[in-house]
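**Q** Questions regarding the structure given below will be posed in turn.
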Amino acid sequence: MDKVIEIRDCSAGYGENKVLAHVSLTVERGEFLVIIGPSGCGKTTLLKMMNGLVVPVEGEVAVKGERLTECNLVAMRRRIGYAVQGAKLFPHMTVEENICYVTGLERKMTREEKRALTCKMLDMVQLPPELAVRFPRQLSGGQQQRVGIARAMAAEPDILLMDEPFGAVDEITRKGLQEELLALQKKTGITIVFITHDIGEAFLLGSRILIMKDGSILQEGTKEELMEHPKDAFVKRLLCL
């Protein structure tokens, strides 16, 4: 398989606070990698290293064979979808403008193309097309979260990084979004790296599951491998065994 993301012996931190210690990881093309672990274990920092939002103090990161220290990071990020908890929408832009933002940077879009893309993406995240003209402040937290997911997917990236993207939505909507994401991944072969605190969600979505603790990778494998051979008592508690 093709190596899409490579983390090579990376350490990272914020000031004197070391968050990751000598982490190595390879993500293959078409994988659905789910990262799970307690708060503060380094999950989000690891994800941010994958698109250059965090620069390791040691080691190197490569995406599609390009070292992030040597490539055009702006151009690279446009090819990587990024959805985080809290949505982080542009407050001065409408829903349509948010959704079409990255695609519009790549090519000039007609009014009809923008409308069609927006309707398609809103339908995918189970929102009505009438929301296209609203601003983020006019949406509920759950609606903002779903628009953030739509924006991340709109440019049809071949890598999608997601940090607890369903955290602000209700349980029924969450289940629907999980099903949509699995169907999208199966249809397109997109590579997804997904952070969650929910072991049930990790088991449902992940083709491979990565368990982190204290800035390191503790164990990784399929659902079956983890259930059959948990490494220690911490993993057993996390997996509810």
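**Q** For residue 204 and residue 234 in the same chain, what is the full-extension length gain: residue separation times 0.36 nm, less their Cα-Cα distance, in nm? Walk me through the intermediate numbers first.
**A** Working: separation 30, 0.36 × 30 = 10.80 nm, distance 2.07 nm.
Full extension of this stretch gives 8.7 nm more.
**Q** Within region 63-164, which GluC sites (Glu not before Pro) sit in a loop by DSSP and count at most 14 neighbouring Cβ atoms inside 10 Å?
**A** Numbers: sites: 66, 70, 96, 97, 106, 112, 113, 130; in loops: 70.
Within region 63-164, the qualifying GluC sites (Glu not before Pro) (loop, at most 14 other Cβ atoms within 10 Å) are 70.
**Q** Here's a follow-up. How much length is gained if the chain between residue 93 and residue 21 is pulled fully straight, taking 0.36 nm per residue apart and subtracting their Cα-Cα distance, in nm to one decimal? Don't skip to the end; give the middle numbers.
**A** Working: separation 72, 0.36 × 72 = 25.92 nm, distance 3.90 nm.
Answer, rounded to one decimal: 22.0 nm.
**Q** Once phi is turned into ³J(HN,Hα) by the Karplus curve 6.51 cos²θ - 1.76 cosθ + 1.60 with θ = phi - 60°, what whole-Hz value does each residue of region 222-234 show in order, with x for glycine and proline?
**A** 6, 3, 5, 5, 5, 5, 7, 9, x, 5, 7, 5, 4
**Q** Nearest-5 percent of antiparallel DSSP beta bridges in the chain? Mind dumping the intermediate values first?
**A** Details: 20 of 39 bridges.
DSSP beta bridges in the chain are roughly 50 percent antiparallel.
**Q** Mind listing the phi-derived Karplus ³J(HN,Hα) values for region 126-135, rounded to whole Hz, using 6.51, -1.76 and 1.60 with θ = phi - 60°, and x for any glycine or proline?
**A** These are the phi-based 3J(HN,Hα) values: 6, 10, x, x, 5, 6, 4, 8, 7, 9 Hz.
**Q** Using DSSP, restrict attention to beta bridges with both residues in region 98-241 and report what percent are antiparallel, rounded to the nearest 5. Don't skip to the end; give the middle numbers.
**A** Details: 5 of 10 bridges.
Percent antiparallel among DSSP bridges in region 98-241 is about 50.
**Q** Gain in length, residue 29 to residue 120, computed as 0.36 nm per residue apart minus the alpha-carbon separation, to one decimal in nm?
**A** Numbers: separation 91, 0.36 × 91 = 32.76 nm, distance 2.54 nm.
Net length gain for the segment: 30.2 nm.
**Q** Next question. Of all trypsin sites (Lys or Arg not before Pro) in region 1-41, which ones are in loop regions per DSSP and have a Cβ with at most 15 other Cβ atoms within 10 Å? Show your work: numbers first, answer last.
**A** On the way: sites: 3, 8, 18, 29; in loops: 29.
Within region 1-41, the qualifying trypsin sites (Lys or Arg not before Pro) (loop, at most 15 other Cβ atoms within 10 Å) are 29.
**Q** Still on this structure, I have one more. Taking amide H atoms as placed 1.01 Å from N in the peptide plane, list the residues 5 or more away in sequence, or in a different chain, whose amide H sits under 5 Å from that of residue 4.
**A** Excluding prolines and chain starts, which carry no amide H, the hits are 27, 28, 29.
**Q** Sticking with this structure for a sec: Enumerate the amide H contacts of residue 83 below 5 Å, restricted to partners 5 or more residues apart or on another chain; note that Pro and chain-start residues carry no placed amide H.
**A** Result for residue 83 returns 161, 162, 163.
**Q** Still on this structure, please answer the following. Taking θ = phi - 60°, what integer Hz values does the Karplus form 6.51 cos²θ - 1.76 cosθ + 1.60 yield along region 37-43, in sequence order, with x for Gly and Pro?
**A** Per residue, the Karplus-derived 3J(HN,Hα) values read x, x, 4, x, 7, x, 4 Hz.
**Q** Under 5 Å between amide H atoms, partner at least 5 residues away or on a different chain: which partners does residue 212 have, H built in plane at 1.01 Å?
**A** The answer is 36, 37, 218.
**Q** Please identify the DSSP H helices in the chain that span no less than 18 Å along the helix axis (Cα) and have a mean Kyte-Doolittle hydropathy of 0.0 or more.
**A** On the way: long enough: 95-106 (19 Å, 0.23); 111-124 (20 Å, -0.88); 141-154 (20 Å, -0.34); 171-188 (25 Å, -0.78).
TM-like helix candidates: 95-106.
**Q** Roughly how far apart, in whole Å, are the Cα centres of region 109-168 and region 1-77?
**A** For region 109-168 versus region 1-77, the Cα centre distance is 26 Å.
Taken together, the values in this text are just the output of simple stated rules run on the coordinates, not laboratory data. Computed from a predicted model, the values in this text were never measured in an experiment. Every residue, glycine as well, gets a Cβ built from its backbone with ideal geometry; the counts of neighbours run over all protein chains shown.
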